[in-house]
Number of protein chains: 2
Amino acid sequence: VTAPRRVPLDFPPRPHEATIGRGLLGTIGESAASALPDGAARGVCAVVTDDHVAAAGHAAAVAASLRAAGFDPVVETLPAGEAAKSLDVAGRLWTSFAAARLDRGSIVVAVGGGAVIDVAGFAASAWMRGVPWIAVPTTLLAMADASVGGKTAVNLHAGKNLVGSIHMPSAVVMDLTTLATLPPRELRSGLGEILKCAVLAERGRIAALRSGAAALLASSGPAGDESLADTVEFAVRVKADHVRDDATETRGVRALLNLGHTTAHALEAEAGYGTMLHGEAVAIGLVVAARISVRRGLCEPSLEPDLVAAAEAFGLPTLLPSSIDPSRIVERARIDKKHTASRRRMVLPARDRGAVLSDVPDDELRAAL
Amino acid sequence: VTAPRRVPLDFPPRPHEATIGRGLLGTIGESAASALPDGAARGVCAVVTDDHVAAAGHAAAVAASLRAAGFDPVVETLPAGEAAKSLDVAGRLWTSFAAARLDRGSIVVAVGGGAVIDVAGFAASAWMRGVPWIAVPTTLLAMADASVGGKTAVNLHAGKNLVGSIHMPSAVVMDLTTLATLPPRELRSGLGEILKCAVLAERGRIAALRSGAAALLASSGPAGDESLADTVEFAVRVKADHVRDDATETRGVRALLNLGHTTAHALEAEAGYGTMLHGEAVAIGLVVAARISVRRGLCEPSLEPDLVAAAEAFGLPTLLPSSIDPSRIVERARIDKKHTASRRRMVLPARDRGAVLSDVPDDELRAAL
């Protein structure tokens, strides 16, 4: 058994760490005990999950670990998918927290993908003005993105992630064996976000990911090699580097993590949420951003074909689906909540590594799509 | 015209100040401009108020000041009273923020009593993960309590203030002229909280408040003397002293502000919210806490009669209403959310100044009631 990897997530006001390994669900009880203030009793706590993750047995494994450590967990199972990220669901969680008598020292453990992490984290942030929580991502996408950096959110009809908080978890526990129960398409989707990390921080990794794609996709589950752990650790470190010192997103560093996302958010909304997976949309968005950057002479010309080759090796799309009208994407990207009405700021890859924020007019985006 | 008083509210992570004076509603536009990050545009913003405060013209005065400073305010008017502190109302605020296109740099201005301040502050704290807000309390109670310290909240059916955040405002503006439109009973209620501040910080002020009660109650409005400003400044400074260095309520200092509140919360709930005003319940709670403390020999015996005399001068009750069964209060105080099931921690006045947290068994509380 390889020892778990530990990545410091040293974000104010609550530095914590991500643990990456196999068979870690059984350690959550210890993590929860460590998250308590000194001398606090191990009382009731909540495990929030969704019905897919519950069916795979992961929430039960976490609850068993909590019981073994002296906690008294209640398990709240949400419907799988983005629909769980609503104010109604947050309200139902709070009502069940009240029924279970969770108090100011109680812990919330979120076990699932990005939607579960986001809504459970939000519920934890506002329950009695904030209780400790632990993120246990069970999708590659949530390991690479939602579980790192403390952002929580619910959606409104008017838009995604409009309501939320920044509430750092006390620990992030990534058990790679949970990825074995993930549908292969969702595993591939997660690689879209990881490709983004490679563009931002280590261009050479794009080719390495491409040539290792088959091994990587086969390495989830209890007996995989180290390539999956390597890759997840890489993504977590890149995200951590961008979040560190800009946890509240005031300095623009964290905004670079939106590389590929202006197009991706528009694509997801236009296709209808759930039709196109987030990482699939990000793969297309990365190619579009690279194309704009190459045409401007901002980055090396090889970036675009390198990205296309890697995405294809992962089985991710690189072109706008023929069913989608590029004009609609241009339009939707214009009203993205991250932009004021008069300009569209996009993240564009810089030469050799990193990225920059730049205004992109309609025509330039349309041409790249 | 006397210059406004400024009290530093130097709480992490956002030090700000309270301004206390007359005719300050016209300065809110400048306060809002100061709350913006450097170089940010003065765009849409929200004024949240209730129908009583709107009818008195205060929200319109704030909106006019914001327009004069180059902002584009939308005014959201909530139903007056505790009913506005619900998740549904917060959801309606977020929907209207979306419709008005409030973005990450937009400001929320809460104009009203504690309920408006609490729900608008919560809405601001979670809108796009937190936007700046300004508290403009228009009741004596909200000036002395809800507007200082950054606590926001909504109620659930299961209990008061179960969901919320700690989100420091950028400024707190207390315009004493707004108190002229307050029903006299609500003005008296505010004096209950101020009496609490005197018990905590300056026992000599209890007699001074009693002898000055008539002048104080007459000094609201545009032409009052300085006694009201003195009194509000005193209460704000006492609250600030307790919140400072314990903004997140981890060290027990802030908990001392709950003096009188274990009994008060139980009384309000038992009487039905709105039947007994908060400051009325606090006055009774202070006398009960002082009685327990005197019987234990923890504080000077004169405290109880001094408190009774001052409360009577303010027209506040000091005895449990005959309609209320003391056993019900003992019962309700047992399940207050600030206490674990097995013990009831109450704040008890210490000798000469200050207070201590102490376990109080059922029989001792029943005897004091």
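The values are calculated or read from the model by the stated rules, or taken from the named source; none is laboratory data. Owing to the predicted nature of the structure, the values given are computational and were not obtained by experimental measurement. Note: ideal-geometry Cβ built from the backbone for every residue, glycine included; neighbour counts use all protein chains shown. Quick note on the areas: whole protein, heavy atoms, side chains included, nothing else; ligands and nucleic acids left out. Shrake-Rupley method; radii C 1.70, N 1.55, O 1.52, S 1.80 Å.
Summary table below
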read-out	value
Placed amide H near B:SER302: partners under 5 Å, 5+ positions off or other chain	none
Net charge of neighbours whose Cβ lies under 14 Å from the Cβ of B:ARG296, counting Lys and Arg as +1 and Asp and Glu as -1	-2
Among the listed pairs A:LYS151/B:LYS151; A:LYS160/A:LYS196; A:LYS151/A:LYS239; A:LYS85/A:LYS151; A:LYS160/B:LYS151; B:LYS151/B:LYS196, those beyond 23 Å (Cα-Cα)	A:LYS160/B:LYS151
Rounded accessible area per residue of region B:60-209, 1.4 Å, Å²	27
Principal-axis tilt of helix B:114-126 within chain B, Cα atoms, nearest 10 degrees	50
Between A and B, accessible area buried - total, square angstrom, nearest 100, 1.4 angstrom probe	2300
Under 5 Å, built H, 5+ apart or other chain: amide partners of B:LEU9	B:HIS16, B:GLU17, B:ALA18
Inter-part distance where region B:272-341 and region A:38-90 are each reduced to a Cα centre, Å	40
Distant-in-sequence amide H partners of B:LEU156 (H built 1.01 Å from N, under 5 Å)	B:ASN161, B:LEU162, B:VAL163
Where the Cα pairs of region A:108-178 fall when distances are cut into 5 Å bins, in %	4, 21, 30, 24, 14, 6, 1, 0
Taking N as its residue count, the alpha carbon Rg of chain A over 2.2 N^0.38 Å	0.96
Cβ-Cβ FRET estimate between A:ASP38 and B:ARG104, R0 fixed at 45 Å, reported to 0.05	0.75
Three semi-axes of the equivalent ellipsoid, region A:56-141, Cα gyration tensor, whole Å, largest first	18, 17, 11
Environment charge at A:ALA214 (Cβ cut-off 14 Å; Lys +1, Arg +1, Asp -1, Glu -1)	0
Largest-first principal axis extents of the Cα set of the protein assembly as shown (Å)	84, 61, 34
Alpha-carbon spread of region B:1-56, three principal axes, descending order, Å	34, 31, 22
Global size of region A:98-226 as Cα Rg and Dmax, reported in angstrom	16.6, 52
Fraction of accessible area attributable to carbon and sulfur, chain B (%, probe 1.4 Å)	52
For region A:149-192, residues shielded by at least 30 square angstrom of accessible area compared with the chain on its own, probe 1.4 Å	A:LYS151, A:LEU156, A:LEU162, A:VAL163, A:GLY164
Residue-by-residue Karplus 3J(HN,Hα) for region A:34-47, coefficients 6.51, -1.76, 1.60, Hz, glycine and proline x	5, 6, 6, x, 3, x, 6, 6, 8, x, 5, 8, 10, 10
Dipole magnitude (debye, nearest 20) for region B:100-257, charges at Cβ of Lys, Arg, Asp, Glu	400
Over the protein assembly as shown: helical MRE at 222 nm, DSSP H runs n ≥ 4 each giving -39500 (n - 2.57), nearest 500	-13000 deg cm²/dmol
Furthest towards positive pole of dipole, A:VAL154, A:ALA310, A:LEU87, structure part the protein assembly as shown, Cβ charges	A:ALA310
Radius 15 Å from Cβ of A:ARG42, net charge of other residues (Lys, Arg +1; Asp, Glu -1)	-1
Solvent-free Debye scattering, log10 I(q)/I(0), computed from the Cα coordinates of region B:247-369 at q = 0.10, 0.13, 0.22 Å⁻¹	-0.28, -0.47, -1.39
